[in-house]
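What follows is a short report on a single structure.
The values are calculated or read from the model by the stated rules, or taken from the named source; none is laboratory data. Predicted, not measured: the structure shown is a model, and the values here were computed from it. Don't worry about glycine lacking a Cβ; one is built from the backbone with ideal geometry, like all the others, and counts go over all protein chains shown. For the accessible areas, the whole protein counts, side chains as well, though only heavy atoms, and no ligand, DNA or RNA atoms are used. Shrake-Rupley method; radii C 1.70, N 1.55, O 1.52, S 1.80 Å.
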Amino acid sequence: MFLNQNKMNQRSYFTHLDALESEAIHIMREVAAECANPVLLFSGGKDSVVLLRLAEKAFRPSHFPFPLMHIDTGHNFPEVIEFRDYRAKQLGERLIVRSMEDSIQRGRVILRSKNQSRNPFQAVTLLDAISEFGFDACIGGARRDEEKARAKERIFSFRDEFGQWDPKNQRPELWSLYNARTHPGENIRVFPISNWTELDIWQYIGREQLEIPSIYYAHERDVIVRNSSLLPVSYLVQPEAGESVQNMMVRFRTVGDMSCTCPVASQARDVEEIIVETALTRITERGATRMDDRTSEASMELRKREGYF
Amino acid sequence: MSVVENIEPDHAELLRFISAGSVDDGKSTLIGRLLHDSKSIFEDQLNAVTKTSNKRGMEKIDLSLFTDGLQAEREQGITIDVAYRYFNTPKRKFIIADTPGHEQYTRNMVTGASTANLAIVLIDARKGVLTQSRRHAYLASLVGIPHLVVAINKMDLVGYSQEIFKQICAEFSVFLQGLGFRSIEYIPMSALLGDMVVERGDNLDWYSGKPLLDYLESINIEHDINTLDFRFPVQWVCRPQTEEMRDFRGYTGRIESGTIHVGDTVTVLPSGLTSRIKEILLYNDSFETAFAPQSITLTIEDHLDISRGDMLINGGELPRITREFDAMLCWLSEQAFDPDRKYIIKHTTRIVKGLITRIDYRVDINTMHQESVNILTMNDIARIGMKVQQPLVIDAYAQNRGTGCFILIDEVSNNTVAAGMICIQES
Ligand SMILES: Nc1nc2c(ncn2[C@@H]2O[C@H](COP(=O)(O)OP(=O)(O)OP(=O)(O)O)[C@@H](O)[C@H]2O)c(=O)[nH]1
Ligand SMILES: [Mg+2]
């Protein structure tokens with residue numbers, strides 16, 4: 001009814017990636033305009049690499065209207081930490097790092113064993129950092145296709161003064177009129193790439209020619225096969241009795257805590273090959289790679305309620 | 001990137017749809033069936049759902065578990081909040097919002113509906129048209145969803161009777177008349193067994209239409225974005241405070257409707273000042289033209305005082321600049337409307353104080369009659385008058401979704417309490 005032929009042609013250049021990109025840029029700018037003290041959570045992983053490109057598109061030639069922050073578990077892959085620092089420097093943006101090691105030292109986090117997964121405790125360090133800096137909004141790279149509790153979360157997700165998410169009482173979120181209002185002590189988690197899938201992320205990385213940590217590409221690595229997962233051998237993960245170490249071509253689909261993030265067998269050496277594998281895989285990103293989400297049916301929901309990303 | 005395009009055409013059209021209807025009509029089961037039969041379920045998801053179903057003593061997998069992801073939902077076997085799922089076929093990319101049927105959670109249904117191109121309203125063939133079926137169809141039309149599919153579900157429980165299908169269609173079509181959908185399609189199905197969802201099945205041979213997925217893949221979704229009237233609400237002003245960029249002023253935002261070219265004259269509202277577009281930028285790219293719904297940065301020829309909340313337009317149909325307007329309002333909060341409380345209105349990128357000055361009527365969903373009331377409670381839909389502290393630049397929602405919608409926020413609790421759609425009578 002509204003269209004004429006000429007405009008139709010222009011419109012066909014607007015792909016689904018363009019639509020997702022435009023939505024994400026709009027969301028970031030709303031945060032910048034409406035929140036007094038936002039921060040962007042940057043881990044060095046692929047989703048947050050995409051967030052940074054979206055922030056460049058939203059705010060350049062200005063500096064970002066927020067700093068970057070990483071919650072360092074102390075269990076990160078060294079390649080990822082190196083990349084994190086390199087990318088922040090390249091962008092010329094301020095990077096805040098708060099580490100779980102400090103939370104452990106100060107007795108805020110008490111581990112049952114030294115090498116256990118630290119993912120569940122990230123929330124403590126994150127919430128401490130939020131109150132230290134008085135952040136009222138944290139931009140994160142979570143996607144709804146990752147996990148069934150995330151599939152339920154709003155783009156502007158309200159957290160009470162205890163950092164908690166109440167899935168049964170979320171604010172209505174209509175059109176793209178986001179409600180970013182908080183009282184002191186409360187905060188909003190904002191997920192600009194909520195509607196992106198793993199495949200969208202890889203297609204965008206390809207289209208924008210984004211650099212990512214090397215361990216996302218296929219490489220040789222020592223792994224242990226345990227419960228049909230490949231565990232990367234490191235100072236945190238050593239073979240148990242009866243297990244053997246194999247050297248395999250693998251790549252990571254996510255880069256989290258080294259003690260519980262598993263690579264997948266792969267020959268994909270560039271983005272295009274990763275896109276092919278991603279389109280064909282029959283296992284979800286978390287199912288293939290995150291041991292910590294398998295422990296209980298609702299582990300992500302529980303962690304999110306406690307203040308996790 | 002030839003391989004990439006083979007796998008998922010980059011130009012694939014995006015269709016956003018919701019499932020709606022009354023409690024237990026099978027919305028979540030339908031979405032599960034659609035994902036399952038279109039091979040969009042991953043092995044580990046299937047294993048997890050199979051395990052949970054077995055634990056509960058079910059022989060077959062419970063398809064609703066693919067979307068009912070919250071603990072409370074699984075315990076109670078109901079949907080509480082919208083779940084978003086993504087899948088694609090070689091023809092299209094889909095974003096699904098599975099919405100709850102319980103009246104108590106209507107606001108979550110509206111959340112899902114506000115961004116959809118198409119709604120599937122389910123009806124249980126045994127029960128026929130219920131209040132909630134009507135409510136959801138009406139809400140879908142109110143938020144301007146152009147396309148409606150009426151899925152008459154659980155046909156397996158009525159012997160796949162064509163007679164029953166016809167009766168329900170006849171009854172519902174009377175109600176749907178005048179709701180303004182651009183297209184309406186009735187499809188009989190069994191979400192549980194799969195008939196007429198992805199496959200035709202053997203039980204509904206008397207039905208000559210397409211199965212649901214075929215229909216979703218092929219329906220013509222002319223964009224409901226208005227491509228004529230340029231509307232650009234300024235989101236954030238980009239002023240790099242650096243030596244070489246001292247004079248740079250970029251107006252960032254998303255084009256809500258229409259098209260703009262370098263050199264076009266633009267008027268800034270509400271001030272009325274004019275200038276011309278100098279550049280259309282996005283990061284390292286610059287464009288000659290941009291169109292809705294692109295997010296871009298604009299620079300103009302003159303130094304004008306422009307800030308967040310202002311709107312750039314360019315000829316065509318003019319918006320209104322006003323402090324008073326009428327709207328259809330959905331009250332979403334458990335806390336009833338209180339004339340003594342202050343509300344904040346968010347419209348485009350503008351946030352101002354607002355008052356509801358009149359309640360003209362409330363709509364009775366069953367009869368579509370207008371009732372006079374002086375209070376609004378959760379899930380009420382009413383025609384109201386609004387007055388705001390500073391002028392807003394508005395269009396009628398029917399002409400322009402982006403500049404015709406608003407939300408009300410309670411100033412004390414900060415909750416989003418209502419959603420509004422602006423009405424403008426032709427003068
Ligand atoms: N026999 C039969 N049962 C069905 C069919 N579709 C759904 N059901 C059953 O109806 C019940 C409710 O299904 P759900 O999919 O959870 O219903 P819903 O509409 O999502 O419910 P809410 O989201 O809570 O409003 C479940 O027991 C389903 O197995 C069908 O086509 N045939
Ligand atoms: Mg449901």
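I'd like to know if region A:140-148 contains one or more residues that are of a type in the set (D, E, K, R), open to solvent by less than 60 Å² (accessible area, probe 1.4 Å) and in contact with a strand residue (DSSP E or B) (Cβ under 7 Å, 6 or more places away or on another chain).
Within region A:140-148 (the criterion being of a type in the set (D, E, K, R), open to solvent by less than 60 Å² (accessible area, probe 1.4 Å) and in contact with a strand residue (DSSP E or B) (Cβ under 7 Å, 6 or more places away or on another chain)), the answer is yes, since at least one residue qualifies.
Could you check B:Asn226 against (1) within 14 Å of chain A (Cβ to nearest Cβ); (2) not in a loop (DSSP other than H, G, I, E, B) and say which number it fails?
In the conditions (1) within 14 Å of chain A (Cβ to nearest Cβ); (2) not in a loop (DSSP other than H, G, I, E, B), B:Asn226 misses (2) alone.
Looking at (1) surrounded by 19 or more Cβ atoms within 10 Å (Cβ to Cβ); (2) under 15 Å from B:Asn379 (Cα atoms); (3) acidic (Asp, Glu), which is the only condition B:Asp98 fails?
(2)
Residue under question is B:Ile168, and the condition is that it be in contact with a Gly (Cβ under 6 Å, 6 or more places away or on another chain), farther than 29 Å from B:Ile422 by Cβ and at pLDDT 95 or above; does it hold?
yes
Being within 11 Å of ligand 1 (Cβ to nearest atom) and either touching a Cys at 6+ places or on another chain (Cβ under 6 Å) or more than 14 Å from chain A (Cβ to nearest Cβ) (or both) is the requirement here; does B:Gly128 meet it?
no
Residues of region A:92-122 being assigned to a helix (DSSP H, G or I) and among the small types (Gly, Ala, Ser), which ones?
Within region A:92-122, A:Ser103 is the sole residue that qualifies.
Does at least one position in region B:114-135 carry a residue that is within 14 Å of ligand 2 (Cβ to nearest atom), over 29 Å from A:Ile193 (Cα atoms) and aliphatic (A, V, I, L, M)?
yes
Here are some residues: B:Arg56, B:Arg33. Which one is of a type in the set (D, E, K, R) and near ligand 1 (Cβ under 9 Å from one of its atoms)?
Sole residue among the options that is of a type in the set (D, E, K, R) and near ligand 1 (Cβ under 9 Å from one of its atoms): B:Arg33.
Filtering region A:12-59 down to residues that are hydroxyl-bearing (Ser, Thr, Tyr) and assigned to a helix (DSSP H, G or I), which residue is farthest from the other protein chains (Cβ to nearest Cβ)? Write out each step before concluding.
Narrowing region A:12-59 to residues hydroxyl-bearing (Ser, Thr, Tyr): A:12-13, A:15, A:22, A:43, A:48.
Imposing the further condition that a residue be assigned to a helix (DSSP H, G or I) reduces the set to A:22, A:48.
Values: A:Ser22: 4, A:Ser48: 18 Å.
Going through the qualifying residues, I end up with A:Ser48.
Keeping to region A:214-249, report how many residues are among the polar types (S, T, N, Q) and assigned to a strand (DSSP E or B).
Result for region A:214-249: 3.
Give just the number: which of (1) under 24 Å from the mean Cα position of the chain (by Cα); (2) among the polar types (S, T, N, Q); (3) farther than 25 Å from A:Pro172 by Cα does B:Gln132 not satisfy?
(3)
Collect the residues in region B:80-108 that are more than 23 Å from A:Ala19 (Cα to Cα) and facing another protein chain (nearest Cβ under 10 Å), keeping them in residue-number order.
B:Ile80, B:Asp81, B:Tyr105, B:Thr106, B:Arg107, B:Asn108
Which numbered condition in (1) within 14 Å of ligand 2 (Cβ to nearest atom); (2) without any contact (Cβ under 8 Å) to a residue 40 or more places away in the chain is the only one that B:Gly159 fails?
B:Gly159 satisfies every listed condition except (1).
Residues that are open to solvent by 30 Å² or more (accessible area, probe 1.4 Å) and part of a helix (DSSP H, G or I): does region B:61-68 have at least one? Step through it out loud before you land on a result.
Narrowing region B:61-68 to residues open to solvent by 30 Å² or more (accessible area, probe 1.4 Å): B:61-62.
In the following step, the residues that additionally are part of a helix (DSSP H, G or I) were identified as none.
No, every residue in region B:61-68 fails to be open to solvent by 30 Å² or more (accessible area, probe 1.4 Å) and part of a helix (DSSP H, G or I).
What residue, of A:Asp128, A:Asp85, A:Asp102, is within 27 Å of A:Cys35 (Cβ to Cβ) and modelled with pLDDT under 85? Please lay out each step first, then the result.
Details: A:Asp128 fails: modelled with pLDDT under 85; A:Asp85 fails: modelled with pLDDT under 85.
Answer to the check: A:Asp102.
Check B:Thr29 against each of (1) open to solvent by 10 Å² or more (accessible area, probe 1.4 Å); (2) within 11 Å of ligand 2 (Cβ to nearest atom); (3) not in a helix (DSSP H, G or I) and name the one condition it does not meet.
Only one criterion in (1) open to solvent by 10 Å² or more (accessible area, probe 1.4 Å); (2) within 11 Å of ligand 2 (Cβ to nearest atom); (3) not in a helix (DSSP H, G or I) is unmet by B:Thr29, namely (3).
So which residues in region A:140-164 are part of a loop (DSSP other than H, G, I, E, B) and either under 19 Å from the mean Cα position of the chain (by Cα) or facing chain B (nearest Cβ under 9 Å) (or both), if there are any at all?
Scanning region A:140-164 gives A:Gly140, A:Gly141, A:Ala142, A:Arg143, A:Glu147, A:Lys148, A:Ala149, A:Glu153, A:Arg154, A:Ile155, A:Gly163, A:Gln164.
Checking the conditions here, which among B:Ile168, B:Ile164, B:Ile184 is in a helix (DSSP H, G or I), touching a residue at least 24 places away in the same chain (Cβ under 8 Å), open to solvent by 30 Å² or more (accessible area, probe 1.4 Å) and away from chain A (no Cβ under 14 Å)?
The conditions single out B:Ile164.
Give the residues of region A:165-184 that are more than 7 Å from chain B (Cβ to nearest Cβ), in contact with a helix residue (DSSP H, G or I) (Cβ under 8 Å, 6 or more places away or on another chain) and under 21 Å from A:Glu306 (Cα atoms), sorted by residue number.
Hits for region A:165-184 are A:Trp165, A:Asp166, A:Ala180.
All but one of (1) at positive phi; (2) at pLDDT below 95 hold for A:Gln209; state the number of the condition that does not hold.
Only one criterion is unmet by A:Gln209, namely (2).
Return yes when B:Gln241 is within 14 Å of another protein chain (Cβ to nearest Cβ) and in contact (Cβ under 8 Å) with a residue 40 or more places away in the chain and no when it is not.
no
When the residues of region B:71-83 are filtered to those that are buried (at least 22 other Cβ atoms within 10 Å of the Cβ) and not charged (D, E, K, R), which remaining residue is nearest to A:Arg150 (Cα to Cα)?
Applying the filter and picking the extreme gives B:Ala83.
Name the residue, out of B:Asp247, B:Asp214, that is open to solvent by 20 Å² or more (accessible area, probe 1.4 Å) and assigned to a helix (DSSP H, G or I). Spell out the reasoning first.
Numbers: B:Asp247 fails: assigned to a helix (DSSP H, G or I).
The match here is B:Asp214.
Within region B:114-136, can you find the residues that are of a type in the set (Gly, Ala, Ser), touching a helix residue (DSSP H, G or I) at 6+ places or on another chain (Cβ under 6 Å) and under 25 Å from B:Asn220 (Cα atoms)?
Residue satisfying the conditions is B:Ala119 alone.
For region A:186-213, name all the residues that are more than 9 Å from chain B (Cβ to nearest Cβ), part of a loop (DSSP other than H, G, I, E, B) and under 15 Å from A:Gly140 (Cα atoms).
A:Phe191, A:Pro192, A:Ile193
Restricting the search to region B:250-277, which residues are assigned to a strand (DSSP E or B) and open to solvent by 40 Å² or more (accessible area, probe 1.4 Å)?
Scanning region B:250-277 gives B:His261, B:Thr265, B:Thr274, B:Arg276.
Restricting attention to region B:41-52, which residues are surrounded by fewer than 17 Cβ atoms within 10 Å (Cβ to Cβ) and either in contact with a Phe, Trp or Tyr (Cβ under 8 Å, 6 or more places away or on another chain) or away from every other protein chain (no Cβ under 12 Å) (or both)?
B:Thr50
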